[in-house]
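Derivation of every value follows stated rules applied to the coordinates shown; laboratory data play no part. Everything numeric here is computed off the predicted structure, so don't read it as measured data. Note: ideal-geometry Cβ built from the backbone for every residue, glycine included; neighbour counts use all protein chains shown.
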């Protein structure tokens, strides 16, 4: 981009130089004024003595800005990938949390069934117990509990 501008500027200057209308400092100022604002600021800040130094500075700044744009683009791609990975991690954490979740009633049953503890009363909705295979501790007959003996 700067190369094309330099070529056009040199062509315009060559026409004007035939009559010695522009001094070296005016040439530099006109050249810098025609650059993109970000290039003009940095090129003018280097305070070039002649047109050749101004051109060289502008080309260096442009190549550095292209490199920076490539680095920024690569970093942006990495940040997008990182965000996607973070989202996947959050989804997996939610799935793990769901898989580990045990309803409160089931947790209580697990707690009470660890030892010889009596399970808690579950209200009128509890399932009936199949007593056909139960053996009474009192008379050792099948089909009833000791309290029913």
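Residue ranges 137-143, 3-9, 127-133 sort as 3-9, 137-143, 127-133 when ordered by packing (mean number of other C-beta atoms within 10 Å per residue, highest first).
Projecting label points 7 angstrom from Cα along Cα→Cβ for residue 53 and residue 132 puts them 10.6 nm apart.
Multiplying the residue separation of residue 89 and residue 23 by 0.36 nm and removing their Cα-Cα distance gives an extension gain of 17.3 nm.
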